[in-house]
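The values are calculated or read from the model by the stated rules, or taken from the named source; none is laboratory data. Computed from a prediction, not measured in an experiment: that's the story for all the values here. Note that each Cβ is placed from the backbone with ideal geometry, even for glycine, and that neighbours are counted across all protein chains shown. Surface areas here come from the heavy atoms of the whole protein model, side chains and all, with no ligands, DNA or RNA. Shrake-Rupley method; radii C 1.70, N 1.55, O 1.52, S 1.80 Å.
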Amino acid sequence: MKVLKIIWLLFFSLNSLTMNSQTNYPIVKLTTKDGKEIDITLFKHASLAINFDGTDIYIDPVTSVAGTDIDYDSMAKADYVLITHEHWDHLDSAAIKELSKPSTQIILNQTSRNILGYGTVMHNNETMKLKDDIVLQSVAAYNTTPGREKFHPKGNGNGYILNLDNIRIYIAGDTENIPEMANIKNIDVAFLPVNQPYTMTVDQAVEAALTINPKILIPYHFGDTPVQEIKQKLDKMNSGIDVQIYPME
């Protein structure tokens with residue numbers, strides 16, 4: 001297994017990034033203060049998988065995006081699938097079907113539910129307890145720049161905060177740096193989209209990062225945006241945010 005030289009200290013546990021030996025997708029590895037392991041698989045674009053203590057959670061799984069087919073054949077079936085909104089690069093019924101088993105729970109926004117025809121709807125600012133040590137929060141995700149509101153209107157899509165034991169992971173969905181981010185606190189890992197004109201510019205992502213102040217920031221869903229500039233700007237500000245860049249275009 002290839003190990004990349006990216007290592008950080010979180011809650012006094014040594015964590016690293018590795019490559020899945022079967023699929024070759026990067027995996028961010030974390031450990032909670034209680035010794036439970038979290039593996040975050042970075043597929044492509046906005047598609048992620050999180051394995052926490054034997055529970056498999058997929059976020060916006062799609063079978064093909066950005067000219068790349070995503071291989072789920074060797075991946076575990078989903079206990080939960082989270083869909084942020086209904087756009088084709090986030091909602092893919094074929095991927096959901098491939099990853100589902102009889103007990104899989106689909107959690108999504110109302111518009112995605114209308115299209116897919118099944119699943120449990122979460123609106124913005126709701127909380128759902130998935131297990132004793134897994135709590136899901138839905139947060140707002142929308143455009144604010146004049147002329148872009150049509151891409152992601154306010155009140156439609158979700159971002160999600162996953163509380164896994166003592167680790168908080170923020171998956172922003174498709175959004176700009178909205179005022180509601182001021183209420184998103186104590187985030188360990190944040191996934192922010194940087195894909196002008198549909199989501200954030202580099203400067204908006206920097207502002208969002210400074211507002212949220214996560215321990216680790218992973219830009220995702222970024223297309224041709226020069227996301228390395230986010231790291232350069234935050235490092236220059238001595239923000240203390242660990243910006244990690246992976247192939248999530």
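Please indicate, with yes or no, whether at least one residue in the stretch 215-230 is surrounded by 19 or more Cβ atoms within 10 Å (Cβ to Cβ), in contact with a strand residue (DSSP E or B) (Cβ under 6 Å, 6 or more places away or on another chain), of a type in the set (S, T, Y) and part of a strand (DSSP E or B).
Within the stretch 215-230 (the criterion being surrounded by 19 or more Cβ atoms within 10 Å (Cβ to Cβ), in contact with a strand residue (DSSP E or B) (Cβ under 6 Å, 6 or more places away or on another chain), of a type in the set (S, T, Y) and part of a strand (DSSP E or B)), the answer is yes, since at least one residue qualifies.
Looking at the stretch 144-182, which of its residues are open to solvent by 10 Å² or more (accessible area, probe 1.4 Å), out of contact with any strand residue (DSSP E or B) (no Cβ under 8 Å at 6 or more places or on another chain) and over 11 Å from H85 (Cβ atoms)?
Across the stretch 144-182, the qualifying residues are T144, T145, P146, G147, R148, E149, K150, N166, N177, P179, A182.
Mind checking which residues of the stretch 73-90 are crowded, with 22+ Cβ neighbours inside 10 Å and assigned to a loop (DSSP other than H, G, I, E, B)?
Within the stretch 73-90, A78, I83, T84, H85, H90 qualify.
Being touching a residue at least 24 places away in the same chain (Cβ under 8 Å) and more than 18 Å from the chain's Cα centre (by Cα) is the filter; apply it to the stretch 211-233 and report the residue that is farthest from F43 (Cα to Cα). Don't jump to the end; show me each part of the working.
Our first condition is that a residue be touching a residue at least 24 places away in the same chain (Cβ under 8 Å); within the stretch 211-233, this holds for 211-227, 229-230, 233.
Those left that are additionally more than 18 Å from the chain's Cα centre (by Cα): 224, 226, 229, 233.
Values: D224: 17, P226: 19, E229: 22, K233: 26 Å.
Per the stated criteria, the residue is K233.
Is it the case, given these coordinates, that A95 is among the small types (G, A, S) and surrounded by 20 or more Cβ atoms within 10 Å (Cβ to Cβ)? Reasoning before the result, please.
Numbers: among the small types (G, A, S): yes; surrounded by 20 or more Cβ atoms within 10 Å (Cβ to Cβ): yes.
The answer is yes for A95.
Of all residues being in a strand (DSSP E or B) and free of Cβ contacts under 8 Å to residues at least 12 places away in the same chain in the stretch 117-143, which is farthest from L164 (Cα to Cα)? Just the residue, please. Steps first, answer last, please.
First, the residues of the stretch 117-143 that are in a strand (DSSP E or B): 120-121, 127-131, 134-141.
Add one more test, that the residue is free of Cβ contacts under 8 Å to residues at least 12 places away in the same chain, and what stays is 127, 129.
Values: T127: 14, K129: 11 Å.
That would be T127.
Restricting attention to the stretch 186-202, does a residue exist that is open to solvent by 10 Å² or more (accessible area, probe 1.4 Å), in contact with a strand residue (DSSP E or B) (Cβ under 7 Å, 6 or more places away or on another chain) and part of a loop (DSSP other than H, G, I, E, B)?
At the first step, the residues of the stretch 186-202 found to be open to solvent by 10 Å² or more (accessible area, probe 1.4 Å) are 186, 195-198, 201-202.
Now narrow it down to the ones that are in contact with a strand residue (DSSP E or B) (Cβ under 7 Å, 6 or more places away or on another chain): 186.
Imposing the further condition that a residue be part of a loop (DSSP other than H, G, I, E, B) reduces the set to 186.
Yes: the stretch 186-202 contains one or more residues that are open to solvent by 10 Å² or more (accessible area, probe 1.4 Å), in contact with a strand residue (DSSP E or B) (Cβ under 7 Å, 6 or more places away or on another chain) and part of a loop (DSSP other than H, G, I, E, B).
State all residues of the stretch 98-139 that are of a type in the set (D, E, K, R) and open to solvent by 60 Å² or more (accessible area, probe 1.4 Å); if no residue qualifies, say none. Even if it seems obvious, please write down each step before you answer.
Residues of the stretch 98-139 that are of a type in the set (D, E, K, R), as a first pass: 98, 101, 113, 126, 129, 131-133.
E98, K101, R113, E126, K129, K131, D132 - these are the residues of the stretch 98-139 that are of a type in the set (D, E, K, R) and open to solvent by 60 Å² or more (accessible area, probe 1.4 Å).
Kindly check whether there is at least one residue in the stretch 144-162 that is more than 26 Å from Y25 (Cα to Cα) and aliphatic (A, V, I, L, M).
If we filter the stretch 144-162 for residues that are more than 26 Å from Y25 (Cα to Cα), which is where we start, we get 144-157.
From what's left, aliphatic (A, V, I, L, M): none.
Within the stretch 144-162 (the criterion being more than 26 Å from Y25 (Cα to Cα) and aliphatic (A, V, I, L, M)), the answer is no, since none of the residues qualifies.
Just to be sure before I move on: is G159 assigned to a loop (DSSP other than H, G, I, E, B), in contact (Cβ under 8 Å) with a residue 60 or more places away in the chain and under 23 Å from L91 (Cβ atoms) in the structure I sent? Before you say what the answer is, go through the steps one by one.
Working: assigned to a loop (DSSP other than H, G, I, E, B): no; in contact (Cβ under 8 Å) with a residue 60 or more places away in the chain: yes; under 23 Å from L91 (Cβ atoms): yes.
The answer is no for G159.
Confirm whether L234 is surrounded by 18 or more Cβ atoms within 10 Å (Cβ to Cβ), of a type outside the set (D, E, K, R) and in a helix (DSSP H, G or I).
Numbers: surrounded by 18 or more Cβ atoms within 10 Å (Cβ to Cβ): yes; of a type outside the set (D, E, K, R): yes; in a helix (DSSP H, G or I): yes.
Considered against the rule, which asks whether it is surrounded by 18 or more Cβ atoms within 10 Å (Cβ to Cβ), of a type outside the set (D, E, K, R) and in a helix (DSSP H, G or I), L234 comes out as yes.
Since E180 meets every condition but one in (1) modelled with pLDDT of 95 or more; (2) under 27 Å from I106 (Cβ atoms); (3) in contact with a Ser or Thr (Cβ under 9 Å, 6 or more places away or on another chain), which condition does it not meet?
(3)
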